[in-house]
Amino acid sequence: MKLKELTRPVENELDIFEEKLREAMKSKVTFVDFIVRYIVKQKGKRIRPALVLLSASACGGINESTYRGAALVEILHTATLIHDDVVDDADTRRGIASINAVWKNKIAVLMGDYMLAKGLLLSLDNDDFQFLKITSDAVRRMSEAEILQIAKSRDLDLDEPTYLRIISDKTASLISTCCQIGATSAGADQPMIDAMREFGETVGLVFQIRDDLLDYTGRKSITGKPTGIDLKEKKLTLPLIHSLAAAPRGESKRIISIVKNGAARKEIGQVIEFAERYGGIGYAVKKAEEYSAAAVRSLDALPPSAAKDSLGNFVGYMMERSM
């Protein structure tokens, strides 16, 4: 299923959201507004605002506060991406030159700060205090997870519980935030909000585990072989974490040594074969399936609707991702 089909119940509302997002990001400073327009051109799939809108629709109905919540999430997400590009020294974002590549790091950092301020003010000016509480907790979790991942990557001593904590805080927290804000904006009761929080959290885990799996099985280079991007960047993800724990100590030490040195192209195949032989890839697929089932069960708290169906299908969309 394509993403456009999943968002069909809110396709008109997504168009309205785009206008409101542009308005919310505007600046009276000409140069700042010029960069804002450049950022808006780098339009992604808008998965996060779509989840806000679908969650609101499934929990009672979309209203003005829903659009503000969707804009808040997208603005804060954009701010984190701008700052990430500076940290990673990235030259492109969604196929377009990044802010730091065009205007250097100082402007990029200041634009990220500007976006954070605009998102916070959007909520404060409209007394959307619950949105701020939800998003502030997500930003805290994301920051802590990023620092923990950096600390763990130095020694490559990541175990499964720590890996799950990192991806929960780093990736799933923002998706959970979208679903909570959508439900909150619709006036849902606390049990329904909690159900949407759990749905977003588990979908986020599926999203990241599947993304990690693609590095081993699906994201192909021109030659048709997996690119092993995570391995080149010395990242341990679930397929390898499980295999390292299951393999004989000597073999695990050899693989760790390869990853520590950055995994040259000819060595990536060895690591992938190791993850297959010791069950890491199959184990990661199983975990993703378990979280998918849990996400779908979370939706039992919602009344029947087209939006609820789309949220359920979104779980399948995450599982079917191949690139």
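The values are calculated or read from the model by the stated rules, or taken from the named source; none is laboratory data. Please read these numbers as outputs of a predicted model, since none were measured by experiment. When we count neighbours, we look across all protein chains shown, and the Cβ atoms used for this are built from the backbone with ideal geometry, even at glycine.
Suppose we filter region 117-145 for residues that are small (Gly, Ala, Ser), buried (at least 19 other Cβ atoms within 10 Å of the Cβ) and over 17 Å from Gln180 (Cβ atoms); how many remain? Let's see the steps before the verdict.
Initially, region 117-145 is screened for residues small (Gly, Ala, Ser), giving 117, 119, 123, 136, 138, 143, 145.
After this cut, where a residue has to be buried (at least 19 other Cβ atoms within 10 Å of the Cβ) as well, the list is 119, 123, 138, 145.
Applying the additional criterion that residues be over 17 Å from Gln180 (Cβ atoms) yields 145.
So the count comes out to 1.
Can you give me the number of residues within region 157-200 that are closer than 18 Å to Ala284 by Cβ and touching a helix residue (DSSP H, G or I) at 6+ places or on another chain (Cβ under 8 Å)?
Of the residues in that region, 13 qualify.
Among what's in region 217-252 and is outside any helix (DSSP H, G or I) and at pLDDT 65 or above, pick the residue that is farthest from the chain's Cα centre (by Cα).
Within region 217-252, the match that is farthest from the chain's Cα centre (by Cα) is Pro248.
Of everything in region 87-112, what is in a helix (DSSP H, G or I), surrounded by fewer than 19 Cβ atoms within 10 Å (Cβ to Cβ) and within 18 Å of the chain's Cα centre (by Cα)? Give them in sequence order.
Val87, Asp88
Conditions: (1) free of Cβ contacts under 8 Å to residues at least 24 places away in the same chain; (2) surrounded by 13 or more Cβ atoms within 10 Å (Cβ to Cβ); (3) over 18 Å from the mean Cα position of the chain (by Cα). Asp155 meets all but one. Number of the miss?
Looking at each condition in turn, Asp155 falls short on (2).
Only one of these conditions is not met by Gly269: (1) modelled with pLDDT of 85 or more; (2) of a type outside the set (A, V, I, L, M, F, W, C); (3) over 30 Å from Pro191 (Cα atoms). Which number is it?
(1)
Return the residue satisfying two criteria in turn: it lies in region 7-34 and is buried (at least 20 other Cβ atoms within 10 Å of the Cβ) and among the β-branched types (Val, Ile, Thr), and of such residues it is farthest from Tyr317 (Cα to Cα).
Val10
Could you grab me the full set of residues in region 272-295 that are surrounded by 15 or more Cβ atoms within 10 Å (Cβ to Cβ), within 22 Å of the chain's Cα centre (by Cα) and within 15 Å of Arg210 (Cα to Cα)?
Ile281, Tyr283, Ala284, Val285, Lys287, Ala288, Tyr291, Ser292, Ala295
Please determine whether any residue of region 61-68 is more than 21 Å from Ser310 (Cβ to Cβ), crowded, with 16+ Cβ neighbours inside 10 Å and within 22 Å of the chain's Cα centre (by Cα).
yes
Residue-by-condition table, conditions (1) at pLDDT 90 or above; (2) in contact with a Pro (Cβ under 6 Å, 6 or more places away or on another chain); (3) basic (Lys, Arg):
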| site | (1), (2), (3) |
| --- | --- |
| Val10 | yes, no, no |
| Phe31 | yes, no, no |
| Val36 | no, no, no |
| Lys43 | no, no, yes |
| Ala50 | yes, no, no |
| Leu54 | yes, no, no |
| Glu64 | yes, no, no |
| His77 | no, no, no |
| Asp88 | no, no, no |
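Within region 165-192, can you find the residues that are without any contact (Cβ under 8 Å) to a residue 60 or more places away in the chain, closer than 17 Å to Leu311 by Cβ and either among the aliphatic types (A, V, I, L, M) or surrounded by fewer than 22 Cβ atoms within 10 Å (Cβ to Cβ) (or both)?
Result: Ala172, single match.
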